[in-house]
Amino acid sequence: MSWEHAGKVAVAGIGFSAIERRTARPLGAFALDAAVAAVADCGLKISDIDGLATYPSAPFVGAANRDGEDVITVEFFLTQKRMGEIAWYAQAGEGLVCASVRDATNALLAGACKYVLVWRAMYVPPGTYGSAAMRHATGDAQFTAPYGVVSPLQWHALVYRRYLETYGAKRESMAALVLNSRANANRNDHAIFADKKLTPADYASARMIADPLCLLDCDVPVTACVAMVMTTTERARDLRNRPALVAAVAHQTAVRHHPIHYTLHDHIESGKPFADRLWRDAGLGPKDMSAAQLYDGFAPSTWYWLEACGFCGRGEAHAFTQGGRIALDGELPLNTFGGSLSQGRLHGMGHLAEAVLQLTGRAGPRQLPDPHAIAVLDGSPMLRGSGAIFTRDPH
Amino acid sequence: MSDAPATFARPIPRPDAISQGFWDATARGELAIQRCPDCGNYQHPPRPICHACGCAAPVYARVSGEARLVSWTTTYHNVLPGFAAALPYACMVVELVEQKELFMLSDLIGRAEIASGLRFGMKMRVVFPAGDGEGPVLPQFAPAEEQQA
Ligand SMILES: [Zn+2]
């Protein structure tokens with residue numbers, strides 16, 4: 001029995017800012033560019049927006065957390081005088097930006113507002129990314145930071161080594177996924193690596209960051225904002241572009257009891273219940289998907305999502321992703337826009353935007369022939385996971 | 001890295017009401033983990049409430065210090081300026097023998113010979129290296145065979 005509200009809410013428009021690395025231009029300017037582009041894509045005015053939803057948190061340690069500088073919270077748009085009257089807003093604390101799709105969907109179904117602006121803005125600070133001095137370790141960090149373990153890349157590396165050992169996988173097998181994403185980014189003007197090719201030799205010689213994770217297994221930090229406008233499907237039919245319909249939306253709710261270190265079990269088992277919920281609500285399964293946009297802040301997360309969602313069996317993702325299966329003309333086109341690895345670190349917003357562009361036939365040189373349903377999974381199956389299934393048509 | 005000090009400096013654990021028992025034990029050369037007096041559940045890092053039964057008075061209980069190696073990584077990227085001078089450095093996750101998924105961390109700074117011989121599941125045992133005298137005694141783990149030799 002699928003969700004009674006499947007297909008009633010839609011994404012009506014998408015807007016991209018420029019995508020840069022370190023830049024002197026304030027993040028607020030990127031956010032306004034994206035918002036204005038998103039409403040223009042719908043044929044609306046910015047003052048038509050009456051709902052706001054984002055996942056606002058600064059994605060690196062040591063942020064100033066000043067609106068318009070390194071974060072764009074709801075407050076940023078509330079204080080812009082060109083905005084109209086805002087009836088509803090929400091800021092997600094978990095789930096990355098796909099959780100904001102959930103929030104907006106619920107608000108629109110409840111009739112709390114008419115047009116919701118959903119965005120994610122990301123900023124690259126000066127200096128070494130993700131490195132901040134720490135003199136004292138407090139709280140749970142008493143048991144981690146004194147050992148030099150402070151970064152998600154280290155947690156991911158520890159889990160990834162476990163995956164490789166458990167399933168007899170080789171880290172060299174990740175090259176297929178990373179190179180596929182780069183080839184797709186080379187067909188995407190909204191990618192930081194749009195013009196930068198990647199070869200197998202580049203992957204093989206990439207420097208280690210936290211072994212077995214190499215530099216090319218980590219997404220590339222960017223300064224950018226992507227925004228989209230969500231509304232009811234009924235209203236969306238009167239707007240400029242064809243809408244992409246929300247068939248299901250869910251977030252990870254599994255509980256873990258060992259906060260010092262997450263495990264491979266966490267990643268794969270915790271993703272399954274909510275992936276199953278997505279399939280049930282959408283009335284669709286992995287085999288029905290025209291493509292998948294699976295979060296790749298660290299490349300192994302995409303392997304875990306493939307397994308947690310049932311696109312392949314447990315321990316099979318490293319083999320499943322070989323031989324062109326995930327290419328644009330393959331059985332399961334994957335991260336068709338370049339992923340966070342090659343478009344840039346947009347915390348899932350790029351994945352969402354791509355699902356919409358593909359389903360509405362607006363993906364340009366990387367357009368899939370006849371896509372009708374696309375899964376987006378954001379975050380990792382354990383850490384702040386959230387997801388949505390989008391369809392082209394009601395069903 | 002412009003933001004990296006030249007000398008190695010670990011963040012110093014700052015004990016609090018919940019963690020004090022852990023650091024009191026390491027000062028005695030003992031490893032103690034929070035344990036529920038009602039249901040016997042161990043938990044780490046410590047919490048005010050037992051995850052297993054909701055008891056509000058977990059206490060510290062001495063454990064054997066024996067563990068198994070779960071995973072490890074060598075960090076090459078400067079994630080913590082105080083550790084820049086130690087790059088690259090290995091750290092590992094161990095599971096204490098007392099309970100499934102009762103994890104602790106250790107690093108292998110100054111013990112690179114251990115990092116090269118790590119194997120999944122190898123027996124580890126807690127050690128209490130002399131620190132620089134600043135802050136609590138930080139427990140570390142080393143291969144159990146090494147300590148017997
Ligand atoms: Zn208990």
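Just so it is clear, none of the values below were taken in a lab; they were calculated from the coordinates. Please read these numbers as outputs of a predicted model, since none were measured by experiment. Backbone-built Cβ (ideal geometry, glycine too); neighbour counts: all protein chains shown.
By DSSP, the beta bridges lying fully in chain A are antiparallel in about 70 percent of cases.
For the modelled label position 7 Å from the Cα of B:Cys55 along Cα-to-Cβ, which residues of the stretch B:13-35 have backbone nitrogen atoms closer than 14 Å? Under cut-off, by backbone N: B:33-35. Using alpha carbon centroids, what distance separates the stretch A:104-132 and the stretch A:267-291, in Å? So the separation of the two Cα centres works out to 24 Å. Counting Cβ atoms of other protein chains within 10 Å of each residue's Cβ and taking the mean over peptide B:11-23 gives 4.
Taking the helices alone, chain B has a mean residue ellipticity at 222 nm of -2500 deg cm²/dmol, built from -39,500 (n - 2.57) per DSSP H run of at least 4 residues and averaged over all its residues.
Figure legend: label point modelled 7 angstrom from the Cα of A:Thr23 along Cα→Cβ; residues of the stretch A:105-122 with amide N under 13 Å from it are A:121-122.
Estimated purely from DSSP H runs of n ≥ 4, each contributing -39500 (n - 2.57), the mean residue ellipticity at 222 nm for chain A is -8500 deg cm²/dmol once divided by its residues. Here the contact order of the stretch B:15-63, divided by its residue count and restricted to Cα pairs under 8 Å and six or more residues apart, works out to 35 percent. Averaged over the residues of peptide A:126-139, the number of Cβ atoms from other protein chains lying within 10 Å of each residue's Cβ is 6. Roughly what % of DSSP beta bridges within the stretch A:233-387 run antiparallel, to the nearest 5? DSSP beta bridges in the stretch A:233-387 are roughly 45 percent antiparallel. Mean-square fluctuations from a GNM of chain A, with a 10 angstrom spring cutoff on Cα atoms, peak among A:Leu341, A:Leu179, A:Leu164 at A:Leu164. Approximating the spin labels as points 7 Å out from Cα along Cα→Cβ, the A:Lys170-to-B:Arg47 distance works out to 4.2 nm.
Computed from the C-beta positions of B:Thr7 and A:Ala319, the FRET efficiency with R₀ = 45 Å rounds to 0.45. Looking at the stretch A:1-99, the trypsin sites (Lys or Arg not before Pro) that sit in a DSSP loop and have at most 16 other Cβ atoms within 10 Å of their own Cβ are A:Arg21, A:Arg22, A:Lys45, A:Arg66, A:Lys81, A:Arg82. Between B:Arg68, B:Arg35, B:Arg119, the Gaussian network model of chain B with springs among Cα atoms under 10 angstrom shows the greatest mean-square fluctuation at B:Arg119. Length gained on full extension, A:Glu331 to A:Glu94: 82.1 nm, using 0.36 nm per residue less the C-alpha separation. Cross-link partners for A:Lys287 among the lysines, with Cα-Cα distance under 24 Å and sequence neighbours closer than 8 places in the same chain left out: A:Lys8, A:Lys272. Look at the stretch B:78-90: the mean tally of other chain Cβ atoms within 10 Å of its residues' Cβ atoms is 5. Paramagnetic label reach from A:His372 (point 7 Å along Cα→Cβ; backbone nitrogen cut-off under 19 Å): within the stretch A:284-299, residues A:284-293. Per-peptide packing, taken as the mean over residues of other Cβ atoms within 10 Å, places A:298-308, B:105-115 in the sequence A:298-308, B:105-115 from highest down. Placing a pseudo-label 7 Å from each Cα along the Cα-to-Cβ vector at A:Arg237 and A:Gln80 gives an inter-label distance of 3.0 nm.
Taking chain A as a Gaussian network, where each spring joins two C-alpha atoms under 10 Å apart, which residue of A:Leu239, A:Leu346, A:Leu108 fluctuates the most? Fluctuation is largest for A:Leu239.
Return a whole-number percent for the relative contact order of chain B, with Cα pairs under 8 Å and 6 or more residues apart as the contact set. Please list the in-between numbers first.
Values: 271 pairs, mean separation 33.8, N = 149.
Normalised by residue count, the contact order of chain B is 23 percent.
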